[in-house]
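Quick notes on the structure that follows.
The values are calculated or read from the model by the stated rules, or taken from the named source; none is laboratory data. No experiment lies behind these values; they were computed from the predicted model shown. Virtual Cβ from ideal backbone geometry, glycine too; neighbours counted across all protein chains shown. Calculation scope for accessible area: heavy atoms of the full protein, side chains included, ligands and nucleic acids excluded. Shrake-Rupley method; radii C 1.70, N 1.55, O 1.52, S 1.80 Å.
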Amino acid sequence: MISERNQFMVDVSGTGYAPNDRWSPIVVPRASILAEIERLASEPRPANGRRAALVVHPQATRPGLGFSPGIDVTINVLKPGEETVPVRRNSNQLEIVIGGTGVVHAGEREFGVETNDIWNVPAMQTYSYRNTGKELWPRLSYSNAPLLEKLGAHFFEENPAPVVIDTEIATTTQQKNKYARENAPDFAVTPEGARLRGYEFLVDIEVLESKAIHWPWKAVWPHLRSSGNPDARRIMLLYNPATERRNGTTHSFFATLAGKEPNREPGPLGRGHRHSSVAINYYFLGSGGKSVVDGVTYEWGVGDLMLSAPSWAEHAHYVSASPVGNTTLTVQDHPLHIAMESLIWQEEMDGPILTLGSQAGVTGYVGPRRKGK
Ligand SMILES: [Fe+2]
C-alpha cells in the first residue's frame, strides 16, 4: 500500500537541479556615489557615528541585501573629526578610500589611510574609524554579510568588551591539557585515507594569525606600472598570508588591481570567459571603457562601480586608452569558492570547465584569451 506523501518531502526523482537565478550586470555611476556621499554628510550624525548606505542591486532580497547575492558594498562617510563606535562582527571586510584621510583601528592594529589605499578587516576583530583630515572621508567597504544573513549566521555587536588573550598562558595550558587536539584520538581507518578523529579537532582548531593588513596606494602603484615582460598581465593580487593557498585578501574575497599603461588601446572584441565566483569592478583611475556580459554591452566611466561578472556569466572587458593609464579594483568571492570546492572556471568558451584548487588550473595566458609565446 502506498502511504500518503509526507508533508516534509519534495519529490525530485528524475529531475536535475534548479537553474540559477542570475543577477543582471549593473553599473552604478560615479555621480550617484558622489551624490550619496554628499547626502550622508548632510544628515545629523547617528549615535553610533556610522554614516553609511548600502549599494543594493535591484534583484537583491532580504535577508542579506547586497550588490551581488553574497557580497555587499557600503558607502561609508565620516566628516572631519568624526569617529565611529567600536564594532565587531563575524563578517570580513575589504575597504578602499575614495577620498580624504583617516585612521583605521582593527584588532591590535592602527594605521592611517589616504585615497586609493586598501585594507582588510578580519572577522571578530573590533574596528573603528576616525577622520583625521580636513575633508570628508568616504570609503567603499565590501563584506560577506549578505551570505551570513542568508545563513542566519551574522553576528554583530557595538562596543564589545575587550578580548584579552595571553597567548603564552593559552599555549602552556593547551599543552598540559589532556582534552586538547594534541592529545585527542586520531585513527587511520582505511589505507585510502579515511580517519576517525576526536571532537577536540572540531573545537580546538589550529590557529592561523589573521590581522588587518594595509596596502598603501603609494607602495602598490609602482608595481602596477612596471613589469619586465611588456606582454605580461598587469593584474596583481593583494595577498593576505592568512588565506594561504586560497590566495585571498580576506577569507571570502580576493582584491586585484589591474593596471594599464597610458595610451594603450583595448584589445580586439572577442569571446569572454566565465567563473562561478562573482566579480565587482570599481574603475577608479583612467578614462572608462565597456564590458560585454552575456552578449550585452555595458559602458562605464571612471569612478563607476559595476557588478561586472555575475556568477557563470560570460564576460570580457575593454578598457579605453587613457593618458594617465587605468586601474580597476576587482573583488571576487574566489577564496570562499575554493574553500567549498565550487570554484569552476572556463577560460575559453569552447574549452574545459576546470575546478580550480582540485584540478590543474589555467596556465599559459598573458592576456584575456591570449596565449603567451
Ligand atoms: Fe573574469
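Values as computed for the structure displayed
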{"read-out": "Residue in region 223-234 that is within 16 Å of the ligand (Cβ to nearest atom) and open to solvent by 20 Å² or more (accessible area, probe 1.4 Å) present", "value": "yes"}
{"read-out": "Residue in region 285-303 that is modelled with pLDDT of 95 or more, within 18 Å of the chain's Cα centre (by Cα) and surrounded by 18 or more Cβ atoms within 10 Å (Cβ to Cβ) present", "value": "no"}
{"read-out": "Which listed residue is out of contact with any strand residue (DSSP E or B) (no Cβ under 7 Å at 6 or more places or on another chain), under 27 Å from Asp333 (Cβ atoms) and charged (D, E, K, R), from Arg109, Arg88", "value": "Arg109"}
{"read-out": "Verdict on Gly288 being on the phi > 0 side of the Ramachandran plot and away from the ligand (no atom under 14 Å from the Cβ)", "value": "yes"}
{"read-out": "Check on Leu34, open to solvent by less than 60 Å² (accessible area, probe 1.4 Å) and touching a residue at least 24 places away in the same chain (Cβ under 8 Å)", "value": "no"}
{"read-out": "Complete set of residues in region 350-372 that are touching an Asp or Glu at 6+ places or on another chain (Cβ under 7 Å) and loosely packed, with under 12 Cβ neighbours inside 10 Å", "value": "Ser358"}
{"read-out": "Unmet criterion (only one of (1) outside the structural domain of Gln332 (by TED's automatic domain parsing); (2) within 16 Å of the ligand (Cβ to nearest atom)) for Ser210", "value": "(2)"}
{"read-out": "Among the residues listed as Val77, Val27, the single one being aliphatic (A, V, I, L, M), in contact (Cβ under 8 Å) with a residue 40 or more places away in the chain, over 29 Å from Phe156 (Cβ atoms) and open to solvent by less than 90 Å² (accessible area, probe 1.4 Å)", "value": "Val27"}
{"read-out": "Among (1) of a type outside the set (Asp, Glu); (2) in a strand (DSSP E or B); (3) surrounded by fewer than 16 Cβ atoms within 10 Å (Cβ to Cβ), the one test that Val85 misses", "value": "(2)"}
{"read-out": "Unique match (being of a type in the set (A, V, I, L, M) and more than 23 Å from the chain's Cα centre (by Cα)) among Ala313, Ala360", "value": "Ala360"}
{"read-out": "Selected residue (criterion: nearest to the chain's Cα centre (by Cα)) from residues of region 5-51 that are over 23 Å from Ser308 (Cα atoms) and among the small types (Gly, Ala, Ser)", "value": "Gly49"}
{"read-out": "Region 315-342, residues that are in contact (Cβ under 8 Å) with a residue 24 or more places away in the chain and of a type in the set (A, V, I, L, M, F, W, C)", "value": "Ala316, Val319, Ala321, Val324, Leu329, Val331, Leu336, Ile338, Ala339"}
{"read-out": "Candidates Arg274, Arg264 - the one that is within 12 Å of the ligand (Cβ to nearest atom) and open to solvent by 50 Å² or more (accessible area, probe 1.4 Å)", "value": "Arg274"}
{"read-out": "Scope region 88-115; condition open to solvent by less than 20 Å² (accessible area, probe 1.4 Å) and in a loop (DSSP other than H, G, I, E, B); matching residues", "value": "Ser91, Asn92, Gly99, Gly100"}
{"read-out": "Residues being polar (S, T, N, Q) and more than 14 Å from the ligand (Cβ to nearest atom) - total across region 296-315", "value": "1"}
{"read-out": "Wholly within region 318-373, strands (runs of 3 or more DSSP E) carrying at least 1 residues that are touching a His at 6+ places or on another chain (Cβ under 6 Å)", "value": "344-346"}
